[in-house]
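The values are calculated or read from the model by the stated rules, or taken from the named source; none is laboratory data. Everything numeric in this text was worked out from a predicted model, so none of it was measured. Methodologically, a virtual Cβ is constructed for each residue, glycine included, from the backbone with ideal geometry; neighbour enumeration extends over all protein chains shown. What goes into the accessible areas is simple: the full protein's heavy atoms, side chains included, and nothing from ligands, DNA or RNA. Shrake-Rupley method; radii C 1.70, N 1.55, O 1.52, S 1.80 Å.
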Amino acid sequence: MRQHIKNQFKFCPFCGKEDTFIFDDVKMFTCSNCKQTYFVNPVAACGAIIETPEGILFAKRKYEPRKDFTDLPGGFIDLHETAEVAVRRELEEEISFVPEQLDFLCSYPNDYIFDNMLYTTLDLYFYSRLDFVPNVVAGDDAKDIEFVKREDIDMNLLAFSSTVKSIEYLLKNIK
Ligand SMILES: [Zn+2]
């Protein structure tokens with residue numbers, strides 16, 4: 001069952017009282033004691049779909065969640081960082097290669113559970129088509145890097161629902 005973020009807050013972060021939240025179930029809760037309202041919005045993350053003559057670049061996940069599953073390179077966007085900068089930083093960290101051109105492609109929400117905490121993300125995907133196969137090195141939280149042709153992608157091995165949806169979007173909209 002889908003976890004709900006309201007179950008993760010036991011005390012009001014403003015006045016410290018216990019179990020005082022009134023949650024509207026969509027995007028905010030209000031403390032019944034101090035009346036402070038707290039908005040719950042998605043956590044921004046980014047990913048890159050890099051397509052080469054050998055196929056799309058995927059990185060196998062080194063760590064939980066979804067360890068060993070196939071994922072697109074990417075990660076969380078830092079505070080005050082743009083998505084454009086974040087996706088390039090993540091590519092440098094994970095595969096030691098950054099394409100010159102990366103265009104925004106699509107976005108999908110995802111539930112990311114780390115250390116028993118649910119982060120409801122909005123994953124922003126960028127796309128790059130290369131006419132060469134780049135030299136890449138798996139680093140950071142990527143275990144292995146592989147290139148997979150469009151027709152050989154196994155959706156069951158993809159790490160997250162947003163990974164699946166972004167690849168489906170690509171197959172449907174980018175020929
Ligand atoms: Zn309060």
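Has region 61-68 got at least one residue that is out of contact with any strand residue (DSSP E or B) (no Cβ under 7 Å at 6 or more places or on another chain), open to solvent by less than 70 Å² (accessible area, probe 1.4 Å) and within 26 Å of residue 9 (Cα to Cα)?
no
Under 6 Å between Cβ atoms, which residue pairs at least 6 apart in sequence (or on different chains) link something in region 123-151 that is in contact (Cβ under 8 Å) with a residue 12 or more places away in the chain and over 22 Å from residue 77 (Cβ atoms) with a partner that is surrounded by fewer than 17 Cβ atoms within 10 Å (Cβ to Cβ) and hydroxyl-bearing (Ser, Thr, Tyr)?
The qualifying pairs are 137/96.
Only one of (1) more than 16 Å from the ligand (Cβ to nearest atom); (2) free of Cβ contacts under 8 Å to residues at least 24 places away in the same chain; (3) in contact with a Ser or Thr (Cβ under 6 Å, 6 or more places away or on another chain) fails for residue 80. Which number is that?
Condition (3) is where residue 80 drops out.
Conditions: (1) closer than 28 Å to residue 171 by Cβ; (2) surrounded by 19 or more Cβ atoms within 10 Å (Cβ to Cβ); (3) of a type in the set (A, V, I, L, M, F, W, C). Residue 29 meets all but one. Number of the miss?
All conditions pass for residue 29, except number (1).
Can you pull out the residues in region 110-134 that are assigned to a strand (DSSP E or B), more than 22 Å from residue 67 (Cβ to Cβ) and open to solvent by 80 Å² or more (accessible area, probe 1.4 Å)?
129 - this is the single residue of region 110-134 that is assigned to a strand (DSSP E or B), more than 22 Å from residue 67 (Cβ to Cβ) and open to solvent by 80 Å² or more (accessible area, probe 1.4 Å).
Give me the residue from region 8-26 that is more than 10 Å from the ligand (Cβ to nearest atom) and part of a loop (DSSP other than H, G, I, E, B) and, out of that set, surrounded by the fewest Cβ atoms within 10 Å (Cβ to Cβ).
26
In region 148-163, what residues are open to solvent by less than 60 Å² (accessible area, probe 1.4 Å) and either assigned to a loop (DSSP other than H, G, I, E, B) or aromatic (Phe, Trp, Tyr) (or both)?
153, 159, 160 - these are the residues of region 148-163 that are open to solvent by less than 60 Å² (accessible area, probe 1.4 Å) and either assigned to a loop (DSSP other than H, G, I, E, B) or aromatic (Phe, Trp, Tyr) (or both).
So, of the residues in region 63-109 that are part of a loop (DSSP other than H, G, I, E, B) and at positive phi, which turns out to be farthest from the chain's Cα centre (by Cα)?
Initial filter on region 63-109 (part of a loop (DSSP other than H, G, I, E, B)): 63-69, 72-73, 77-82, 96-102.
Among the residues that remain, those that are also at positive phi are: 66, 68, 80, 96.
Values: 66: 12, 68: 16, 80: 17, 96: 19 Å.
Among those that are part of a loop (DSSP other than H, G, I, E, B) and at positive phi, it is 96.
Any idea which residue in region 32-50 is most open to solvent (accessible area, probe 1.4 Å), counting only those that are assigned to a strand (DSSP E or B), of a type outside the set (A, V, I, L, M) and away from the ligand (no atom under 13 Å from the Cβ)?
It comes out as 39.
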